[in-house]
Amino acid sequence: MKINPDTCYHLYNRGNNKELVFFENENYIYFLDQFKKHVLPFVEVYAYCLMPNHFHFFIKVIDKDLFEKGIKNFFISYSKAINKKYNRVGSLFQGRYKVSEVTSNSYFTKIIIYIHQNPIVAKLEKNLGSYKYSSYPAYLSSKETVISKQEVLDWFSGLDSFIDHHKTIVNDEEIRKYL
(Lines give C-alpha, C1' and ligand atoms only; values in the text may rest on other atoms or scores of the structure.)
Protein backbone atom coordinates (compact mmCIF):
# COMPACT_ATOMS: atom_id res chain seq x y z
CA MET A 1 0.00 0.00 0.00
CA LYS A 2 1.21 3.48 -0.79
CA ILE A 3 1.83 5.64 2.28
CA ASN A 4 0.62 9.24 2.21
CA PRO A 5 1.50 12.11 4.54
CA ASP A 6 -1.13 13.41 6.97
CA THR A 7 -2.93 10.08 6.75
CA CYS A 8 -3.88 7.64 9.52
CA TYR A 9 -2.95 3.97 9.36
CA HIS A 10 -3.39 0.78 11.31
CA LEU A 11 0.15 -0.69 11.19
CA TYR A 12 0.58 -4.32 12.19
CA ASN A 13 2.47 -7.55 11.67
CA ARG A 14 3.05 -10.88 13.35
CA GLY A 15 5.84 -13.34 13.82
CA ASN A 16 6.90 -15.57 10.96
CA ASN A 17 4.82 -18.79 11.14
CA LYS A 18 2.84 -17.05 13.92
CA GLU A 19 5.85 -17.50 16.20
CA LEU A 20 6.90 -15.18 19.01
CA VAL A 21 8.49 -11.82 18.28
CA PHE A 22 8.87 -10.98 21.97
CA PHE A 23 10.54 -13.57 24.17
CA GLU A 24 10.99 -11.66 27.42
CA ASN A 25 10.20 -8.31 29.02
CA GLU A 26 13.33 -6.57 27.73
CA ASN A 27 12.33 -7.37 24.12
CA TYR A 28 9.13 -5.33 24.43
CA ILE A 29 11.08 -2.42 25.90
CA TYR A 30 13.76 -2.59 23.21
CA PHE A 31 11.08 -2.74 20.48
CA LEU A 32 9.42 0.42 21.83
CA ASP A 33 12.79 2.15 22.22
CA GLN A 34 13.67 1.36 18.61
CA PHE A 35 10.24 2.57 17.49
CA LYS A 36 10.80 5.86 19.34
CA LYS A 37 14.22 6.24 17.78
CA HIS A 38 13.42 5.33 14.16
CA VAL A 39 9.70 6.00 13.63
CA LEU A 40 8.24 8.32 16.27
CA PRO A 41 9.81 11.52 14.88
CA PHE A 42 7.75 11.05 11.69
CA VAL A 43 4.37 9.97 13.08
CA GLU A 44 1.75 10.71 15.70
CA VAL A 45 0.80 7.64 17.74
CA TYR A 46 -2.82 7.21 18.82
CA ALA A 47 -2.68 3.61 20.10
CA TYR A 48 -0.43 0.59 20.25
CA CYS A 49 -0.33 -2.88 21.70
CA LEU A 50 2.49 -5.40 21.67
CA MET A 51 1.44 -9.02 21.97
CA PRO A 52 3.80 -12.00 22.27
CA ASN A 53 3.54 -12.90 18.57
CA HIS A 54 2.27 -9.69 16.94
CA PHE A 55 1.85 -5.95 17.33
CA HIS A 56 -0.52 -3.13 16.38
CA PHE A 57 0.01 0.61 16.05
CA PHE A 58 -2.51 3.24 15.08
CA ILE A 59 -0.52 6.15 13.68
CA LYS A 60 -0.76 9.25 11.57
CA VAL A 61 2.16 9.61 9.16
CA ILE A 62 3.60 13.12 9.15
CA ASP A 63 6.56 12.73 6.78
CA LYS A 64 6.12 9.89 4.26
CA ASP A 65 9.73 9.59 3.05
CA LEU A 66 11.31 9.75 6.51
CA PHE A 67 8.66 7.37 7.86
CA GLU A 68 9.42 4.79 5.16
CA LYS A 69 13.17 5.01 5.83
CA GLY A 70 12.62 4.95 9.61
CA ILE A 71 10.24 1.99 9.61
CA LYS A 72 12.70 -0.03 7.52
CA ASN A 73 15.56 0.77 9.92
CA PHE A 74 13.29 0.00 12.88
CA PHE A 75 12.45 -3.52 11.71
CA ILE A 76 16.01 -4.26 10.64
CA SER A 77 17.46 -3.13 13.98
CA TYR A 78 14.93 -5.08 16.04
CA SER A 79 15.18 -8.26 13.96
CA LYS A 80 18.98 -8.23 13.96
CA ALA A 81 19.10 -7.74 17.73
CA ILE A 82 16.65 -10.59 18.39
CA ASN A 83 18.41 -12.94 15.96
CA LYS A 84 21.76 -12.21 17.57
CA LYS A 85 20.54 -12.47 21.16
CA TYR A 86 18.66 -15.74 20.65
CA ASN A 87 21.09 -17.25 18.13
CA ARG A 88 18.43 -17.52 15.45
CA VAL A 89 18.47 -16.96 11.70
CA GLY A 90 15.88 -15.97 9.14
CA SER A 91 12.93 -13.69 9.14
CA LEU A 92 11.45 -12.72 12.47
CA PHE A 93 8.29 -11.21 10.97
CA GLN A 94 5.79 -12.61 8.50
CA GLY A 95 6.80 -10.56 5.49
CA ARG A 96 6.61 -6.79 5.20
CA TYR A 97 4.56 -4.90 7.76
CA LYS A 98 0.90 -4.35 6.90
CA VAL A 99 -0.93 -1.05 6.84
CA SER A 100 -4.59 -0.28 6.46
CA GLU A 101 -5.62 3.32 5.85
CA VAL A 102 -8.11 4.56 8.42
CA THR A 103 -10.67 6.29 6.22
CA SER A 104 -13.75 6.71 8.39
CA ASN A 105 -14.78 8.00 11.78
CA SER A 106 -16.12 4.57 12.67
CA TYR A 107 -12.81 2.88 11.83
CA PHE A 108 -10.90 5.52 13.85
CA THR A 109 -12.98 4.70 16.93
CA LYS A 110 -13.01 0.92 16.50
CA ILE A 111 -9.32 0.48 15.74
CA ILE A 112 -8.29 2.21 18.96
CA ILE A 113 -10.61 -0.01 21.00
CA TYR A 114 -9.63 -3.15 19.07
CA ILE A 115 -5.90 -2.52 19.60
CA HIS A 116 -6.33 -1.91 23.32
CA GLN A 117 -8.54 -4.97 23.81
CA ASN A 118 -6.01 -7.44 22.34
CA PRO A 119 -4.63 -8.60 25.74
CA ILE A 120 -8.15 -9.12 27.12
CA VAL A 121 -9.38 -11.07 24.08
CA ALA A 122 -6.20 -13.22 24.17
CA LYS A 123 -6.74 -13.79 27.92
CA LEU A 124 -3.31 -12.38 28.80
CA GLU A 125 -4.89 -9.86 31.14
CA LYS A 126 -8.24 -9.27 32.82
CA ASN A 127 -7.96 -5.50 33.11
CA LEU A 128 -7.08 -3.19 30.20
CA GLY A 129 -5.20 -0.86 32.50
CA SER A 130 -2.88 -3.61 33.72
CA TYR A 131 -1.28 -4.62 30.42
CA LYS A 132 2.04 -2.80 30.31
CA TYR A 133 2.74 -3.17 26.58
CA SER A 134 -0.28 -1.16 25.47
CA SER A 135 -1.00 2.55 25.22
CA TYR A 136 -4.24 2.15 27.20
CA PRO A 137 -2.62 2.75 30.64
CA ALA A 138 -1.14 6.02 29.30
CA TYR A 139 -4.66 7.33 28.78
CA LEU A 140 -5.47 6.72 32.45
CA SER A 141 -2.27 8.30 33.72
CA SER A 142 -1.25 11.91 34.25
CA LYS A 143 2.35 11.04 33.35
CA GLU A 144 3.92 12.45 30.21
CA THR A 145 3.56 10.20 27.17
CA VAL A 146 4.49 10.07 23.48
CA ILE A 147 0.89 9.13 22.65
CA SER A 148 -1.25 11.86 21.08
CA LYS A 149 -3.45 11.47 24.11
CA GLN A 150 -5.46 14.69 24.09
CA GLU A 151 -6.45 14.32 20.44
CA VAL A 152 -7.84 10.84 21.10
CA LEU A 153 -9.60 11.84 24.33
CA ASP A 154 -11.18 14.77 22.48
CA TRP A 155 -12.28 12.33 19.76
CA PHE A 156 -14.04 10.22 22.41
CA SER A 157 -15.43 13.35 24.16
CA GLY A 158 -13.32 12.81 27.27
CA LEU A 159 -11.78 10.13 29.42
CA ASP A 160 -15.06 8.75 30.83
CA SER A 161 -16.44 8.17 27.34
CA PHE A 162 -13.11 6.70 26.22
CA ILE A 163 -13.28 4.18 29.08
CA ASP A 164 -16.96 3.39 28.41
CA HIS A 165 -16.30 2.72 24.71
CA HIS A 166 -13.62 0.19 25.69
CA LYS A 167 -16.15 -1.90 27.63
CA THR A 168 -17.68 -3.26 24.41
CA ILE A 169 -15.50 -5.82 22.62
CA VAL A 170 -14.59 -5.02 19.02
CA ASN A 171 -14.03 -8.35 17.28
CA ASP A 172 -11.88 -9.33 14.32
CA GLU A 173 -14.83 -9.39 11.89
CA GLU A 174 -15.64 -5.76 12.67
CA ILE A 175 -12.05 -4.78 11.85
CA ARG A 176 -11.74 -7.01 8.76
CA LYS A 177 -14.48 -5.07 6.99
CA TYR A 178 -12.16 -2.06 6.97
CA LEU A 179 -9.14 -3.94 5.62
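The values are calculated or read from the model by the stated rules, or taken from the named source; none is laboratory data. It should be emphasised that the depicted structure is a prediction, and the values quoted were computed from it without experimental measurement. Neighbour counts run over all protein chains shown; Cβ positions are idealised from the backbone, glycine included.
What to note about this one:
- Put simply, of I82, I112 the only residue that is within 23 Å of D160 (Cβ to Cβ) and surrounded by 13 or more Cβ atoms within 10 Å (Cβ to Cβ) is I112.
- Which listed residue is in contact (Cβ under 8 Å) with a residue 60 or more places away in the chain and among the basic types (K, R), from K167, K110, K143: K110
- Within the stretch 28-38, restricting attention to residues that are farther than 25 Å from D172 by Cβ and of a type outside the set (D, E, K, R), the residue that is surrounded by the most Cβ atoms within 10 Å (Cβ to Cβ) is H38.
Results for (1) at pLDDT 95 or above; (2) part of a helix (DSSP H, G or I); (3) surrounded by 16 or more Cβ atoms within 10 Å (Cβ to Cβ); (4) among the charged types (D, E, K, R), shown as yes or no for each residue.
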{"position": "Y48", "(1), (2), (3), (4)": "yes, no, yes, no"}
{"position": "F55", "(1), (2), (3), (4)": "yes, no, yes, no"}
{"position": "I59", "(1), (2), (3), (4)": "yes, no, yes, no"}
{"position": "K69", "(1), (2), (3), (4)": "yes, yes, no, yes"}
{"position": "F74", "(1), (2), (3), (4)": "yes, yes, yes, no"}
{"position": "Y78", "(1), (2), (3), (4)": "yes, yes, yes, no"}
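- Restricting the stretch 138-179 to residues that are aromatic (F, W, Y) and farther than 18 Å from P119 by Cβ, the residue that is surrounded by the most Cβ atoms within 10 Å (Cβ to Cβ): F156
- Condition met for Y114 (among the aromatic types (F, W, Y), under 25 Å from S157 (Cβ atoms), modelled with pLDDT of 95 or more and in contact with a helix residue (DSSP H, G or I) (Cβ under 6 Å, 6 or more places away or on another chain)): yes
- Selection status of E24, touching a Ser or Thr at 6+ places or on another chain (Cβ under 7 Å), among the charged types (D, E, K, R) and surrounded by fewer than 20 Cβ atoms within 10 Å (Cβ to Cβ): no
- Selection status of E44, surrounded by fewer than 22 Cβ atoms within 10 Å (Cβ to Cβ) and within 23 Å of L153 (Cβ to Cβ): yes
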